[in-house]
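Structure record follows, encoded as structure tokens.
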Amino acid sequence: MVGKKGKAIIVGGSIAGVSCAHTLTLAGWDVLVLEKSSEPPARSPTGAGLGLDPQARQIIKSWLPQPHLLDEITLPLSIDQNQSTDSEKKVTRILTKGENFDFRAAYWSDIHALLYNALPQTMFLWGHKFLSFTMSQDKSTVKVKTLVTETQETIEIQGDLLVAADGCLSSIRKTFLPNLKLRYSGYCAWRGVFDFSEDEYSETVTGIKKAYPDLGRCLYFDLATQTHSVFYELTNKKLNWIWYVNQPEPELKNNSVTLKVSQEMLKKMHQEAETVWIPELARLMKVTKDPFLNVIYDCDPLERIFWGNAVLVGDAAHPTTPHGLRSTNMSVLDAEVLGKCLGKCGPENLSFGLEEYQRIRLPVVSEQVLYARRLGRIKQGLDHGGIGGDGFGLEQKEMPFFSSAPLA
Ligand SMILES: Cc1cc2nc3c(=O)[nH]c(=O)nc-3n(C[C@H](O)[C@H](O)[C@H](O)COP(=O)(O)OP(=O)(O)OC[C@H]3O[C@@H](n4cnc5c(N)ncnc54)[C@H](O)[C@@H]3O)c2cc1C
């Protein structure tokens, strides 16, 4: 990069935010990350499992001083299997079995911690809630107003670039697209992580390993009538499950897509699991501590993802349903492409770099969001085409740009 160093203000310190902190630093920018949570999430393990594709893994490794750590905190997922459940007879039958899948399963907080710990911690302002911003008339600088939650004081920070990594409910996106509404998918997802490190030989664990013999290397999708679940193992003896349930749209509280779960809701979920799933899976759902409920949204592809010197990345740029295992992989690729484009153009030609980022990423993420939407609707029995309709396959490898997406 030639000339002066640019200063990027990233709002959001989750996967997209920390990924951009890596790539913009590598591109020669000064970086500051504002995150409303009071401390790094890794200190209180949060979230659940996710799947990383080969391209995202290769990119993450290129950012890390100790790339092998990524392999240590992930487990291979070499099989992608869809099976149907007969809820009456309580038996399963394999529909598709894709080998050579080459994803790896990770615990969200492990990935976050790996990326975060490889950055200077002075780059992060925790407990700083983004409130608003103003852009200079020539779009060369941006002033960001932030609430320091501990002192309740409002401060102003100036930079040359605003990166919105503030998630699917992005308030920065709202300032550019005030009328944009997310699309409720028609279902919510129960999610849970069962830790069996203390009791590896319990009836639950031996039962589930027998019913799912490829556990530890297989991404299982169980399809029943108008519902489906996902199941795979994580490192450190954890089992990750997700169960999608069709229901009317719940009311969101505290600007979060994660709902508070009451005892009554839990009890009902356990009872329904027994009627739908094979006993081994229903039992796993029942013994998992503190499952949580996510409301699933996506959004029609945006026409643009930057305005002046403000740019959207991650879920802020492309809220998506989770069926293509995309969110985290897309965030990593957004960050990589953004960093490469800005590194090439330098801060003095920021608009060219942002144009190029948008030109490369928008077609890819748009197709992937729509594909994930269709996959979810088919698996939830909401798509009239149904399984196999229009030749639409269930396997992950059918995802557009599955083997690789273009980089800068
Ligand atoms: C705590 C947590 C746990 C998660 N666990 C999983 C998981 O187990 N599996 C999975 O697949 N996905 C998980 N996700 C979602 C996953 O990170 C995203 O879907 C994907 O990686 C894209 O990330 P993102 O950074 O774009 O969005 P998000 O992960 O949603 O992050 C947005 C960030 O912006 C911050 N933010 C929002 N508004 C403001 C504001 N006004 N000021 C400052 N900061 C703001 C939020 O606190 C959050 O940290 C989790 C997200 C979070 C935040």
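The values are calculated or read from the model by the stated rules, or taken from the named source; none is laboratory data. This one's a predicted model, so the numbers in the text were calculated from it and none came from an experiment. So basically every Cβ, Gly included, is an ideal-geometry build from the backbone, and we count neighbours across all protein chains shown. Surface accessibility is based on the protein's heavy atoms, side chains included, excluding ligands, DNA and RNA. Shrake-Rupley method; radii C 1.70, N 1.55, O 1.52, S 1.80 Å.
For the reader, a short list of remarks on this structure follows.
- Any chance A165 is within 14 Å of the ligand (Cβ to nearest atom) and either farther than 25 Å from S38 by Cβ or not assigned by TED's automatic domain parsing to the domain that holds H318 (or both): no
- Of residues in region 346-359 being in contact with a helix residue (DSSP H, G or I) (Cβ under 6 Å, 6 or more places away or on another chain) and crowded, with 20+ Cβ neighbours inside 10 Å, the one nearest to F402 (Cα to Cα): Y357
- Scoring S19 on the criteria (1) within 10 Å of the ligand (Cβ to nearest atom); (2) among the hydroxyl-bearing types (S, T, Y); (3) within 28 Å of K289 (Cα to Cα) leaves a single failure, condition (3).
- Out of Q55, Q83, one residue alone is more than 16 Å from the ligand (Cβ to nearest atom) and open to solvent by less than 60 Å² (accessible area, probe 1.4 Å). It is Q83.
- Residue that is nearest to the chain's Cα centre (by Cα), among those in region 307-340 that are β-branched (V, I, T) and more than 9 Å from the ligand (Cβ to nearest atom): T321
- Test: residue in region 197-218 that is within 16 Å of the ligand (Cβ to nearest atom), touching a residue at least 12 places away in the same chain (Cβ under 8 Å) and either in a loop (DSSP other than H, G, I, E, B) or not assigned by TED's automatic domain parsing to the domain that holds H323 (or both): no
- Condition met for R104 (open to solvent by 10 Å² or more (accessible area, probe 1.4 Å) and part of a strand (DSSP E or B)): yes
- Comparison of L75, L119 shows that the only residue that is assigned to a loop (DSSP other than H, G, I, E, B) and within 15 Å of the ligand (Cβ to nearest atom) is L119.
- When we screen A42, A56 for residues that are modelled with pLDDT under 95 and not in a loop (DSSP other than H, G, I, E, B), the only hit is A42.
- T25 meets each of the listed conditions (1) assigned to a helix (DSSP H, G or I); (2) open to solvent by 40 Å² or more (accessible area, probe 1.4 Å); (3) out of contact with any strand residue (DSSP E or B) (no Cβ under 7 Å at 6 or more places or on another chain); (4) not charged (D, E, K, R) apart from (3).
- Cβ-Cβ distances below 6 Å connect the following pairs, each with a first residue in region 15-28 that is closer than 14 Å to C345 by Cα, a second residue that is small (G, A, S) and open to solvent by 10 Å² or more (accessible area, probe 1.4 Å), and a separation of six or more residues or different chains: A27/G343.
- Out of Q152, Q121, sole residue that is within 21 Å of I10 (Cβ to Cβ), free of Cβ contacts under 8 Å to residues at least 12 places away in the same chain and open to solvent by 50 Å² or more (accessible area, probe 1.4 Å): Q121
- For K237, the requirement of being more than 22 Å from D80 (Cβ to Cβ), in contact (Cβ under 8 Å) with a residue 12 or more places away in the chain and basic (K, R) is met.
- Where a residue in region 387-406 is under 24 Å from P54 (Cβ atoms) and basic (K, R) and its partner, wherever it lies, is at pLDDT below 90 and open to solvent by 70 Å² or more (accessible area, probe 1.4 Å), with Cβ under 9 Å and at least six apart: K397/S403
- Cβ-Cβ under 8 Å pairs, at least 6 apart or on other chains, region 288-303 side at pLDDT below 95 and among the aromatic types (F, W, Y), far side assigned to a loop (DSSP other than H, G, I, E, B) and open to solvent by 10 Å² or more (accessible area, probe 1.4 Å): F292/V261
- Considering residues of region 297-306 that are assigned to a loop (DSSP other than H, G, I, E, B) and either of a type in the set (G, A, S) or open to solvent by 10 Å² or more (accessible area, probe 1.4 Å) (or both) only, the residue nearest to the ligand (Cβ to nearest atom): L302
- Residues in region 172-196 that are in contact with a helix residue (DSSP H, G or I) (Cβ under 6 Å, 6 or more places away or on another chain) and assigned to a helix (DSSP H, G or I): 1 in all.
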